[in-house]
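**Q** Structure provided below as structure tokens; questions to follow.
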Amino acid sequence: MSSPRWLRQLLRHAPAKPRRQLAVADWLSSRTFHHSQFADLKALVQEKERQNLRISLCLPALNEAKTIGKEIILLKAELMTRYPLLDELAVIDSGSTDQTMEVAAAYGASIYAASDILPQYGDKQGKGVNLWKALYQLRGDIIIYIDADISNIRPHFAYGLVGPLLRLPEVQYVKAFYDRPLISAKGARLSGGGRVTEILVRPLFSLFFPELTAIIQPLSGEYAGRRAALERLPFPIGYGVETAHLLDIYQRCGLAAFAQTDLDQRIHRNQSTHALGKMAFGILQTFFRRWPIADAAKALPAMAAVLRQFQHCEDHYEQIEFPLREEELPPIITTPEYQRAFKRCP
Amino acid sequence: MTTSPENPSAATSGLTAQCQQYKAAAENVRELLLADLIHICEIPAPTGGEEPRIRFMANRFAEIGLADIAIDTEGNGTATIPGREGRRNLLVLTNADTLVKEPKDRTVDVRADRLVGPFVGDNSIALATLTTLPLLLEKLNLTFKANIVLLASTRSLGRGNLQGLKHFLTTVGRSFAAGLCLESVQLGRLNYHCMGLLLGDVWCRLPENYNWSQYGATGSIIPMSDIISRISQISLPRRPLSTIVLGMIRGGITANNIARETVLSFEARSESQEILKAIKQQLSDIIAEVGARSGVNITLDVIAQREPGGLDIGHPLVRRASEVLTALGLQPMLYSTTSQLSALRDAKIPGLTVGLTLGERRYELDEIDESVTINPLTTGLAQVVAILQAMDEDEAQ
């Protein structure tokens, strides 16, 4: 298996900037923040205005009626009305069948159906699609992505991610990390979560990209990046998008392009082991498609795109097959529509 | 907003127009109110543990730029919107503590038209109104002659017995021309009078020398059931309005163990102090008699006692507030309450209580879930502004 053509092209035509070497320990101490370090919102707004930047916040959503209203109210009231840190707050919806769109509209977010944005690039559904399309739809120089299923959302989820980008020009991409209590029927417990991180992604990074293990929660769904960096990234349409971002930015710019912020606690829905299996499968496809793994993987048999899991029926076990191909959308800067809309060239 | 005896209908239509203007402006601060409401509601604040919630309130007051922001020794949070003249002070207040024990999950669920969650009504909306009111007045470009003092009081509920508010009123060093107590629900209520109250626990405990081996030993539950049966036979008049609520009972550890201790929590309310005294006497008699007969120790622990009192229904403040509610299309529900009014009454401050929106409370065993509707909030906020304006103008009250 070889790297996709667009990736090889991108790497060839847009050579990586000289990589600033940063030891992991140095990076951890200089690029790991706590959201409270950016709580002076007035100062953040001044910094944003001084740099003449626009900031957009995207909530990718699919059937999140239960939590999206709260996210919009808290983020909009604090970061748009009280302090004009965000210039736009938009929901990119994958076709919710619950009241997600109605609730989002009731609280004043801009709402877009992913299927209406760049429909010529296919009608695939997935979080990665929404994130990619947000780059076309939103106007910010900095884009913040926050999952729409967070029940304990706070404004610091957004300003904690944007803070390092405003303070440190060399930072291109900021990841969130947090304590992740899982909601169970008996209420919240204090820690846990991140099973795919700990038993898949961290071991893979430890084997092949040890520097990236400094990122405490590589799969966290909350991150912010500069448009200039995001527009050059391919976006896997599903589970692999977070992993792809890390690997591709790391490949181009090294660890110095990253920062991470402690957001304290994120309460989210727990996922079944089977669902995590699918996530892991998508991440593995993304991983094996990337340099330098892809070149090394040429010697391996072709990757299958079917995940097989078991379920127990009355007197036997049944194997269920889930076709799961982690397709990727090209870097948006390579699309003529984007080049026209943003006057950019690859 | 002045009433015109010569042309009452003109005055009424003027008030209606004014209220509609307030309501429209309230629409512009609704999002800020909802955001603060969620923040406040998700900060735990059991009676005596309100500090984090009060700190949030004080930070908000500081962000808005209010004057005299303070947290006093009882933990009350307060701030002032300075008046044009500042000779008089008007108090807008609500309690910061929440009822009963803390829920496991206190996240607020935001739907298209309502908020759902533990204590989302009681009393988070009222607290969020305190942080939003200054912004609403700013949007309206409205100033008052009097200083408006905002107060989030601590230790109000249960054993707290309005301790925070009483402390504030005796130590603040200001006099108040009038007070407006805010309750999250129900919009349309207009409480001008407070009922007398007797809040307490009846404790039934086995004595040290209890004969555990005696077959048929009944422990503390049977005597308590006797007490409950006797309390239910206390005859109460319909006028003056009087009630006894037996709200909570707890005792024992398992089905097959004799309960050593049983506690009954009750609240007696009456518009008449004499009736309250009689209820207390009857309770004491019942306890003495059942205790003597059963051989267990039974005691009455009085947590709070408040005398009835307040404004007359014909008081100008009540009339003006009624007009405001009517101008906003509400049917004023005039009745007595047991809220913070009694502390105002004790301090000789004319006071009213109003509600801010509509909502309901659902119990499931010991879990409480509340639901409040969002749309009426603008009416609730407009009502607060208009009543404060009436209080501000009514120097002769």
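The values are calculated or read from the model by the stated rules, or taken from the named source; none is laboratory data. Because the structure is predicted, anything quoted here is derived from the model rather than measured. Don't worry about glycine lacking a Cβ; one is built from the backbone with ideal geometry, like all the others, and counts go over all protein chains shown.
**Q** Mind checking which residues of segment B:266-312 are part of a loop (DSSP other than H, G, I, E, B), surrounded by 20 or more Cβ atoms within 10 Å (Cβ to Cβ) and over 20 Å from the mean Cα position of the chain (by Cα)?
**A** Once the filter is applied, which keeps residues that are part of a loop (DSSP other than H, G, I, E, B), surrounded by 20 or more Cβ atoms within 10 Å (Cβ to Cβ) and over 20 Å from the mean Cα position of the chain (by Cα), segment B:266-312 yields only B:Val296.
**Q** May I pose another question? Filtering segment B:31-61 down to residues that are over 19 Å from B:Leu150 (Cβ atoms) and out of contact with any strand residue (DSSP E or B) (no Cβ under 9 Å at 6 or more places or on another chain), which residue is nearest to the other protein chains (Cβ to nearest Cβ)?
**A** In this case the residue turns out to be B:Glu31.
**Q** Within segment B:62-99, can you find the residues that are farther than 24 Å from B:Lys166 by Cβ and of a type in the set (D, E, K, R)?
**A** Across segment B:62-99, the qualifying residues are B:Glu63, B:Arg84, B:Glu85, B:Arg87.
**Q** Which condition number in (1) within 22 Å of A:Val174 (Cβ to Cβ); (2) without any contact (Cβ under 8 Å) to a residue 12 or more places away in the chain; (3) more than 14 Å from chain B (Cβ to nearest Cβ) is the one that A:Ala43 fails?
**A** The single condition A:Ala43 does not satisfy is (3).
**Q** Next up: Which of the residues that make up segment B:145-160 are in contact with a strand residue (DSSP E or B) (Cβ under 6 Å, 6 or more places away or on another chain) and surrounded by 20 or more Cβ atoms within 10 Å (Cβ to Cβ)?
**A** Of everything in segment B:145-160, those that are in contact with a strand residue (DSSP E or B) (Cβ under 6 Å, 6 or more places away or on another chain) and surrounded by 20 or more Cβ atoms within 10 Å (Cβ to Cβ) turn out to be B:Ala146, B:Asn147, B:Ile148, B:Val149, B:Leu150, B:Leu151, B:Ala152, B:Ser153, B:Ser156.
**Q** Still on this structure: When segment A:82-106 is examined, which residues are found to be outside any strand (DSSP E or B) and buried (at least 24 other Cβ atoms within 10 Å of the Cβ)?
**A** Across segment A:82-106, the qualifying residues are A:Leu85, A:Leu86, A:Thr100, A:Val103, A:Ala104.
**Q** Go through segment B:355-397 and report how many residues are aliphatic (A, V, I, L, M), more than 18 Å from the chain's Cα centre (by Cα), modelled with pLDDT of 95 or more and not in a helix (DSSP H, G or I).
**A** 1
**Q** Quick check: anything in segment A:71-78 buried (at least 19 other Cβ atoms within 10 Å of the Cβ), part of a loop (DSSP other than H, G, I, E, B) and within 13 Å of another protein chain (Cβ to nearest Cβ)?
**A** Quick first cut of segment A:71-78, residues buried (at least 19 other Cβ atoms within 10 Å of the Cβ) only: A:71-78.
Now restrict to residues that are part of a loop (DSSP other than H, G, I, E, B): none.
There is no residue in segment A:71-78 that is buried (at least 19 other Cβ atoms within 10 Å of the Cβ), part of a loop (DSSP other than H, G, I, E, B) and within 13 Å of another protein chain (Cβ to nearest Cβ).
Residues checked against (1) of a type in the set (D, E, K, R); (2) surrounded by fewer than 24 Cβ atoms within 10 Å (Cβ to Cβ); (3) away from chain A (no Cβ under 14 Å); (4) not in a strand (DSSP E or B):
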site: B:Arg84; (1), (2), (3), (4): yes, yes, yes, yes
site: B:Arg87; (1), (2), (3), (4): yes, yes, yes, yes
site: B:Asp105; (1), (2), (3), (4): yes, yes, no, yes
site: B:Val116; (1), (2), (3), (4): no, yes, no, no
site: B:Thr131; (1), (2), (3), (4): no, no, no, yes
site: B:Lys139; (1), (2), (3), (4): yes, yes, no, yes
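**Q** It is to be established whether one or more residues within segment B:21-35 are of a type outside the set (Lys, Arg), touching an Asp or Glu at 6+ places or on another chain (Cβ under 8 Å) and farther than 28 Å from A:Ala105 by Cα. So that I can check it myself, show each step before the final result.
**A** Quick first cut of segment B:21-35, residues of a type outside the set (Lys, Arg) only: B:21-22, B:24-29, B:31-35.
Okay, now just the ones that are also touching an Asp or Glu at 6+ places or on another chain (Cβ under 8 Å), so B:35.
Those left that are additionally farther than 28 Å from A:Ala105 by Cα: none.
No, there is no match, as no residue in segment B:21-35 is of a type outside the set (Lys, Arg), touching an Asp or Glu at 6+ places or on another chain (Cβ under 8 Å) and farther than 28 Å from A:Ala105 by Cα.
**Q** Taking segment A:246-274 as the search range and keeping residues that are of a type in the set (Val, Ile, Thr), more than 14 Å from chain B (Cβ to nearest Cβ) and closer than 25 Å to A:His35 by Cα, which one is surrounded by the most Cβ atoms within 10 Å (Cβ to Cβ)?
**A** A:Thr261
**Q** Being buried (at least 20 other Cβ atoms within 10 Å of the Cβ), within 13 Å of another protein chain (Cβ to nearest Cβ) and at pLDDT 95 or above, is that true of even one residue in segment A:166-183?
**A** no
**Q** Something else: For B:Leu165, state whether it is outside any strand (DSSP E or B) and within 12 Å of the chain's Cα centre (by Cα).
**A** On the way: outside any strand (DSSP E or B): yes; within 12 Å of the chain's Cα centre (by Cα): yes.
Answer is yes for this residue.
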